[in-house]
1. Just one of B:E182, B:E225 is farther than 17 Å from B:F127 by Cα and assigned to a strand (DSSP E or B); which is it?
2. Any idea which of B:T193, B:T180, B:T143 is modelled with pLDDT of 90 or more, surrounded by 23 or more Cβ atoms within 10 Å (Cβ to Cβ) and under 26 Å from B:K307 (Cβ atoms)?
3. Scanning the range B:268-301 for residues that are of a type in the set (A, V, I, L, M, F, W, C) and more than 18 Å from B:L215 (Cα to Cα), which turns out surrounded by the fewest Cβ atoms within 10 Å (Cβ to Cβ)?
4. Is it the case, given these coordinates, that A:A131 is in a loop (DSSP other than H, G, I, E, B) and free of Cβ contacts under 8 Å to residues at least 24 places away in the same chain?
5. Between A:R117, A:R107, which is away from every other protein chain (no Cβ under 12 Å), farther than 30 Å from A:R11 by Cα and not acidic (D, E)?
6. May I ask you to say which residue of B:Q251, B:Q239 is surrounded by fewer than 20 Cβ atoms within 10 Å (Cβ to Cβ), within 14 Å of another protein chain (Cβ to nearest Cβ) and not aliphatic (A, V, I, L, M)?
7. Out of everything in the range A:38-70 that is assigned to a helix (DSSP H, G or I), more than 9 Å from every other protein chain (Cβ to nearest Cβ) and touching a residue at least 60 places away in the same chain (Cβ under 8 Å), what residue ends up being nearest to the chain's Cα centre (by Cα)?
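The values are calculated or read from the model by the stated rules, or taken from the named source; none is laboratory data. Since the structure is predicted, the reported quantities are computational estimates derived from the model, not experimental observations. Reconstructed Cβ throughout: ideal geometry from the backbone, glycine too, with neighbour counts over all protein chains shown.
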Amino acid sequence: MGSLVRSAIGRTGILRGFPRIVSASQFAPFTSPSRPPPNYEGHVPLTIPERGLLAMGSAVMSLLNPRRGDLIAALGEATATPYFIYRLRDVMLSSPTGRKILKDRPRINSATMSMERLRSLPDGTVGREYAAWLDKEGVSPDTRSQVRYIDDPECAYVMQRYRECHDFYHALTGLPIVVEGEIALKAFEFANTLIPMTGLSMFAVARLKPEERRRALTTYFPWAIRNGLQAKEVINIYWEEELETDVKELRKRIGLEKPPE
Amino acid sequence: MSARPLSRGLLSATPSKHLCSIAPRVAALHSTPVNLNQPPLKNDQSSSEPVTHFGFQTVKESLKATRVAEVFSSVASSYDTMNDVMSFGIHRLWKDHFVRSLNPGRRPGGRPMSILDVAGGTGDIAFRMLDHSEKVSGDRETTVLCADINANMLREGEKRAIQNGYDPNRISFRVENAETLESIPDSSIDLYTISFGIRNVTRIPMALKSAHRVLKPGGVFACLEFSKVSSAPLDAIYQQYSFSVIPLMGQLVAGDRDSYQYLVESIKRFPSQLEFARMIRDAGLVNVGKGYEELTFGVASIWKGVKPLE
């Protein structure tokens, strides 16, 4: 327990000194009729009240209708600043593979990830597990929305990378496809990446049936949080180079236990 | 052969002070204020294709219609919810007042009307016209043709007409471009209405000319559209609301921020009340009174014009 607390404190970086709590917007104060020009395609600079409204509105609407993936994504972006997305970007900068990812900026979509090639990989590899997961869910790598509300282009990429890697985290952790497994994965991501939206998503347990909730809270959550804290930062995994790695070997390298039953 | 001037009948029903005598009155020429929201150069020198505005973007004229169609295909199904959310339900009051002030329907001793509602896809105005003419004048023969450039919006309208049991002889739906109104014969329409649609038309003067063509002499042109809020402090609040809250609502309710960003930009681009009244005059229609009636501090306005008798 003590080691977990130590991991948690270490993860946030409180004792190291906050790594740049940059102001919420890198722009001079502006009004909505006269927004500054975008920093990247699709970028919408938001004022602080707009960001707050977006955060609250998307939190409420996505709790009411969890199928609105675009709102969950918007919630993630609206709550990522200040601090949290900068922290995550700095995590990437402090690791060699993280730096490589930031330099190459690989994207995960159906053009860059050939599903046929992944399906043909041996069982037990990261790529095969990922393809199996996508097929079971009936989704393609193209279902993730574009980041729009994060001002710094590099941090916008970090958020986009996190979003696109989510399905890989399913393959890595082995958490089941059921909805309580999905929420547990969010708990894992929160403990590991500290993205606020993942933490807020844990409140979705309130929507579960009692049996599912019991399973989530007693079986999956403890595993997820414990492993999220003690494992290495998953944002730094260069998935494109790990497709043929054996999943168990990758889990050992990252510091993950066997998935829960 | 002169039809009884319907304009007098339509307008005398309004409680407004701007009654028109039968003889068209040439309105005093106003010096129109400089419109800061001028559309960009009509001809792009680098290519021969003329350009126009799409919200705040500049696009080739030929593309604007497609882009507008895309916006409305995207908003069709959540159109009403969004209208209610954006205007706090006030759009219903505007439309009710618009229809009431036009008083569609047969006049005592007169003939039923042939009404054309342009850009009226989902049927908002058309249904109100039918209800009004039936309830107020006991008229079940006045017909409404609902024309729209977007087939999705029309489908939505047709669905509602069936659901609410409207007589198909009284209401019909047709795909038409407001600029040309190809299938509609000259001088065949008693009342032409366009509600929250004309700002989306690529070439507004052409739409006004088409309105002039299809109207019978003495027929009435009526337009309900967003306009400029005259009071500066109110306008500041209104602009803030438009550009902050409306695209956000579009994202939350309809999952589409960009379409609603386009909508608020197109509102800002639309000419002022006086400017548009002048454009109506230029198309050959006669302004009624000063040409427009403001609603809700100028957030929306009703413009009316009459096609002069020969």
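1. Result: B:E225 is the single residue among B:E182, B:E225 that is farther than 17 Å from B:F127 by Cα and assigned to a strand (DSSP E or B).
2. Of the residues listed, the single one that is modelled with pLDDT of 90 or more, surrounded by 23 or more Cβ atoms within 10 Å (Cβ to Cβ) and under 26 Å from B:K307 (Cβ atoms) is B:T193.
3. At the first step, the residues of the range B:268-301 found to be of a type in the set (A, V, I, L, M, F, W, C) are B:270, B:274, B:276-277, B:279-280, B:283, B:285-286, B:288, B:295, B:297, B:299-300.
If we keep only those that are more than 18 Å from B:L215 (Cα to Cα) too, we end up with B:270, B:274, B:276, B:295, B:297, B:299-300.
Numbers: B:F270: 20, B:L274: 18, B:F276: 25, B:L295: 18, B:F297: 13, B:V299: 19, B:A300: 25.
The qualifying residue surrounded by the fewest Cβ atoms within 10 Å (Cβ to Cβ) is B:F297.
4. No: the conditions fail for A:A131.
5. Values: A:R107 fails: farther than 30 Å from A:R11 by Cα.
Exactly one residue qualifies, and that residue is A:R117.
6. Details: B:Q251 fails: surrounded by fewer than 20 Cβ atoms within 10 Å (Cβ to Cβ).
After ruling out the rest, the residue left standing is B:Q239.
7. Of everything passing the filter in the range A:38-70, A:G69 is nearest to the chain's Cα centre (by Cα).
Results for (1) free of Cβ contacts under 8 Å to residues at least 12 places away in the same chain; (2) among the aromatic types (F, W, Y), shown as yes or no for each residue.
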{"position": "A:I195", "(1), (2)": "no, no"}
{"position": "A:K209", "(1), (2)": "yes, no"}
{"position": "A:R213", "(1), (2)": "no, no"}
{"position": "A:W223", "(1), (2)": "no, yes"}
{"position": "A:R226", "(1), (2)": "no, no"}
